[in-house]
1. Using 0.36 nm per residue of separation minus the Cα-Cα distance, give me the extension gain between residue 29 and residue 163 in nm, one decimal.
2. How are the Cα pair distances of region 61-141 distributed, in percent, across 5 Å bins from 0?
3. Can you give me the distance in nm between label points at residue 91 and residue 70, each placed 7 Å from the Cα along the Cα-to-Cβ direction?
4. Which percent of the accessible heavy-atom area of the chain goes to carbon and sulfur, probe 1.4 angstrom?
5. Test of understanding: what is the full-extension gain from residue 199 to residue 61, defined as 0.36 nm times their sequence separation minus their Cα-Cα distance?
6. Quick one: Cα centre-to-centre distance for region 205-242 and region 68-118, in angstrom?
7. Counting DSSP beta bridges in the chain, what percent are antiparallel, to the nearest 5?
8. Give me a comma-separated list of calculated 3J(HN,Hα) values for region 78-95, in order, Karplus coefficients 6.51, -1.76, 1.60 applied at θ = phi - 60°, integers in Hz, x for any Gly or Pro.
Amino acid sequence: MRTLRTIAEMRAALGDARPGLVPTMGAFHEGHLSLIRAARADNDVVVVSLFVNPSQFGPGEDLARYPRDEARDAHLAEAEGVDYLFAPAAEEIYPSGFQTWVEVEQLSQPLEGALRPGHFRGVATVCLKLFNIVRPRRAYFGQKDAQQAAVIKQMVRDLDLDLELRVLPTVRDQDGLALSSRNAYLSPEERTAASALPRALATKDPERALALLDGLDVDYVEVADFDPRVLAAAVRVGRTRLIDNVVLEEGAPT
Ligand code: AMP
């Protein structure tokens, strides 16, 4: 596996290849690895991007303390047979003078969008840039971030992007908690409290879910009419904000 830092290096390495792309912010866990394995199975060439995207973090969010361990991530990616790890510096993606942004207007409004203004503008913009840099035939996302998957799907459709999105099921720990790089912030007591979140969502009923989240700081528990429809929730446990969702339709990724 080669780790590449610049857009020019990435383009030169790929030539005319149309790879599978797994966009990530690193601190890999089995959720990331499930996407990487799917990409490995479907594509001749696999690119994983590792970029903690500053534009999707609001002021006062966890950009500075977001877990970073590139050496460990590179080791894990290599073991999965990844061809290229694209790990640019922030200035490579947002050089001075950068001023063009993608807004997926309606899908970015509710839930995460309401609580994290500008978040999906940052997500959509960085994904479009990664798609232009890597020119993937397929790109892989997790159902864990249901609204993100919906926003990117809409952008692909609206801007006629020539790639296929694959959205894979949420990978969970034994206690049901969805794997997340942010779980590393949780103390053992907070972790126990957080495990109420998947139990609440498993009811597939917003009122029963809210009752089971009693005592936690709940940002929202709502049915969202994404494709597929989900019951989505966000809670704060201490300083850590966790999101999760359960699919309400049969046959869709869970
Ligand atoms: P992140 O590094 O958190 O931006 O996540 C990179 C990709 O992995 C996104 O498409 C996420 O939706 C996906 N992902 C994160 N956690 C999980 C999980 N527990 N199961 C499946 N996919 C996940």
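1. Working: separation 134, 0.36 × 134 = 48.24 nm, distance 2.54 nm.
Full-extension gain reported as 45.7 nm.
2. Computed distribution, short to long bins: 3, 11, 16, 20, 23, 17, 9, 3.
3. With each label placed 7 Å out from Cα toward Cβ, I get 1.4 nm.
4. Numbers: 5740 of 12050 Å².
Here it works out to 48 percent.
5. Details: separation 138, 0.36 × 138 = 49.68 nm, distance 2.64 nm.
The span from residue 199 to residue 61 would gain 47.0 nm if fully extended.
6. Cα centres, region 205-242 to region 68-118: 24 Å.
7. Details: 16 of 34 bridges.
Taking every DSSP beta bridge with both residues in the chain, the antiparallel ones total about 45 percent.
8. Each residue's phi maps through the Karplus curve to give 4, 5, 8, x, 5, 7, 9, 9, 9, 10, x, 6, 4, 5, 5, 8, 10, x Hz.
The values are calculated or read from the model by the stated rules, or taken from the named source; none is laboratory data. Values in this document were obtained by computation on a predicted structure and should not be read as measured data. Note that we place each Cβ from the backbone using ideal geometry, even for glycine, and neighbour counts take in every protein chain shown. Areas reflect the complete protein model, heavy atoms only, side chains present, ligands, DNA and RNA absent. Shrake-Rupley method; radii C 1.70, N 1.55, O 1.52, S 1.80 Å.
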